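K.L.:
I am attaching a structure below and will ask some questions about it afterwards.
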């Protein structure tokens, strides 16, 4: 990510915000979660020209104005299928063999 | 502090965002009038079918899984191996039975003049609410538990976020923790949107059409109701709605069995465990707490009350579900799930003990896609250091080791002791009273219905619990 890059108003971006600091979190959670902040990421259209890591405002898809630190311009979807799982590759043939056996 | 301020306003926000005055149904600190709460919505089963028809929800195909049935018979004693049927709910507009759940809420929101709807969900329900909202021209906000403190997103939840955004919804992605509910209430309060909670009467009534449809579909095909219906159990809505729908069609001999993926040892609010679950729903992390205390949900009185309807509850392992997902694709030509295949995996094991003339029905499937697929989950598991291998599925350890069976005969439906779950339920009740004499006849009636036990048994257990 180019942190120096200039993002134009109107661009589709993602922002980050801490909602609750560790001491503000509910007591009813495990320690590992209690020790870290409660964070959110939101996407929307940038209201004013900005640089990466600036505190900015965005307009969300429902028209709400949200504020936070600019972390991504044109955020995408990185999820995929990934490589096949070797341990599952033979399952189909094994089951077909059981069906074919008398 | 803002957190307490919002949480203390919970009931006021609920009333405003749902239009339901839960106080009306209160009988005591223990009991409430469940059926009156459901009936007061004013929607009959036929009304709901018509509402769902308007947005192309429901009327999904019922498929006989002939090859899987044949496979069961190959590995069962002579005469054993029930026929397996599957209701292909992935044929709903957003790809799961959750469209049924969302449809009535969105219809209600639209007819009451709300500008938008909101739901807290990391699952298929988000896509369903977003899709139904798009169909009705309402704004939609979905709030998800989406990533851990290292910023690693759970791939299945990323796929749901993508689907929600594809339907034009605003998605808020949160880190791990129950404070998501605080943010949910805060935004509901600010926006005056409708609360499309998973646990309102609208949500549960929307699923009743699924129970009615499986009764009708099978009756049309085979002239009878299913002997057993297996339901993937998480928050309890799927079990409750399906069972109620079957009962409305008088299928009262059909046995209701819930099934969850066993995630014992993993904590649902733990940042460390978040990406070690390999399943985002249909697991014991929701299934057990929501069975023993339904009113932990984001509404005052939960309309999903699984202990009222569950006759048996079983678990299967992570490795068994991934294995069965592969089997469904390769033997039946249906790429579905993975999480929705939990009940299929249990049904496969249960069918082996049933007679060949019997019918076991799996009541849902869900769409498959990038992130929402065994390979995506298993590649993440490997990245998290979880071991993956073939072997005895009993060696599966959630968060540490996923074991795919070496042979289909190794797949087991492990029974969960419902008596133990009821005991936990009664212990929660006991926190509100000091002695069982404090309980009125109305309380005993409620507790009896809420746990499928007679009043004498309820009294016995309550006495024992209160002595402790």
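Taken together, the values in this text are just the output of simple stated rules run on the coordinates, not laboratory data. Note that this is a predicted model, so its numbers are computed, not measured. Positions of Cβ are backbone-derived with ideal geometry, glycine not excepted, and every protein chain shown enters the neighbour counts.
K.L.:
Top mean-square fluctuation among A:17, A:41, A:28, Gaussian network model of chain A, C-alpha springs under 10 Å?
P.N.:
Judging by the Gaussian network model, the answer is A:28.
K.L.:
Let me ask another. Cα centroids of segment B:182-244 and segment B:433-455: how far apart, whole angstrom?
P.N.:
Here the answer is 26 Å between Cα centres.
K.L.:
Still on this structure: Tell me, Kirkwood radius of segment B:420-467 from alpha-carbon pair distances, in Å?
P.N.:
One decimal place: 10.4 Å for the Kirkwood radius.
K.L.:
Quick check: convex hull over the Cα atoms of segment B:83-179, volume per residue in Å³, rounded to an integer?
P.N.:
Considering the Cα atoms of segment B:83-179, their hull volume per residue is 118 Å³.
K.L.:
Could you tell me the calculated FRET efficiency between residue B:311 and residue A:5, based on Cβ-Cβ distance and R0 = 60 angstrom, to the nearest 0.05?
P.N.:
Calculated value: 0.50.
K.L.:
Take residue A:94 and residue B:400, extend 7 Å from each Cα along the Cα→Cβ direction, and tell me the distance between the two endpoints in nm.
P.N.:
In this crude spin-label approximation the distance works out to 2.3 nm.
K.L.:
What distance in nm separates the simple spin-label points at residue B:357 and residue B:23, each placed 7 Å from Cα in the Cβ direction?
P.N.:
Between residue B:357 and residue B:23, the simple spin-label model gives 5.8 nm.
K.L.:
Determine, from the Cβ-Cβ distance of residue A:35 and residue B:50 and an R0 of 56 Å, the FRET efficiency 1/(1 + (r/R0)^6), rounded to the nearest 0.05.
P.N.:
It comes to 0.60.
K.L.:
How long is segment B:214-256 along each principal axis, judged by its Cα atoms, biggest number first, in Å?
P.N.:
32, 17, 15 Å, listed from the longest principal axis down.
K.L.:
Ok, one more. Tell me, what is the FRET efficiency for residue A:86 and residue B:248 to the nearest 0.05, using R0 = 45 angstrom and their Cβ-Cβ distance as r?
P.N.:
Calculated transfer efficiency: 0.40.
K.L.:
Working from the alpha-carbon coordinates of segment B:362-468, get Rg over Rh, Rh being the Kirkwood radius.
P.N.:
1.21
K.L.:
Could you work out [θ]222 nm for chain B from helices alone, using -39500 (n - 2.57) per DSSP H run of at least four and dividing by all its residues? Round to the nearest 500 deg cm²/dmol.
P.N.:
Only helices count here, giving -13500 deg cm²/dmol.
K.L.:
So, one more: May I ask what percent, to the nearest 5, of DSSP beta bridges between residues of the protein assembly as shown are antiparallel?
P.N.:
50
K.L.:
Here's something else I'd like to know. Could you order the peptides A:95-101, A:81-87 from most to least packed, using the average number of other C-beta atoms within 10 Å per residue?
P.N.:
Highest mean packing first, the order is A:81-87, A:95-101.
K.L.:
Sticking with this structure for a sec: In nm², what is the average projected area of the convex hull enclosing the Cα atoms of chain B?
P.N.:
21.6
K.L.:
Right, another one. Based on alpha-carbon positions alone, could you give the equivalent ellipsoid semi-axes of segment B:136-273 from the gyration tensor, as √(5λ), descending, whole Å?
P.N.:
34, 20, 14
K.L.:
Same structure, new question: Based on DSSP, what percent of beta bridges with both residues in chain B are antiparallel, to the nearest 5?
P.N.:
If I count the DSSP bridges inside chain B, around 25 percent turn out antiparallel.
K.L.:
Please give, to one decimal in nm, the separation of the simple spin-label points placed at residue B:152 and residue A:101, each 7 Å out from Cα toward the Cβ.
P.N.:
Using points 7 Å along Cα→Cβ, the separation is 3.8 nm.
K.L.:
What Kirkwood radius, in Å to one decimal, follows from the Cα pairs of segment B:282-371?
P.N.:
Taking every pair of different Cα atoms in segment B:282-371, averaging 1/r and inverting gives 14.9 Å.
K.L.:
When the distances between all Cα atoms of the protein assembly as shown are binned every 20 Å from zero, what whole-number percent does each bin get?
P.N.:
Calculated P(r), rounded to whole percents: 21, 55, 23, 1.
K.L.:
Kirkwood hydrodynamic radius of segment A:1-100 from all distinct Cα pairs, in Å?
P.N.:
About 17.0 Å, per the Kirkwood formula over Cα pairs.
K.L.:
Want the number for residue B:432 to residue B:189: 0.36 nm per residue separation, take away the alpha-carbon distance, what's left?
P.N.:
84.5 nm
K.L.:
Convex hull volume of the Cα atoms in segment B:104-147, per residue, in Å³?
P.N.:
59
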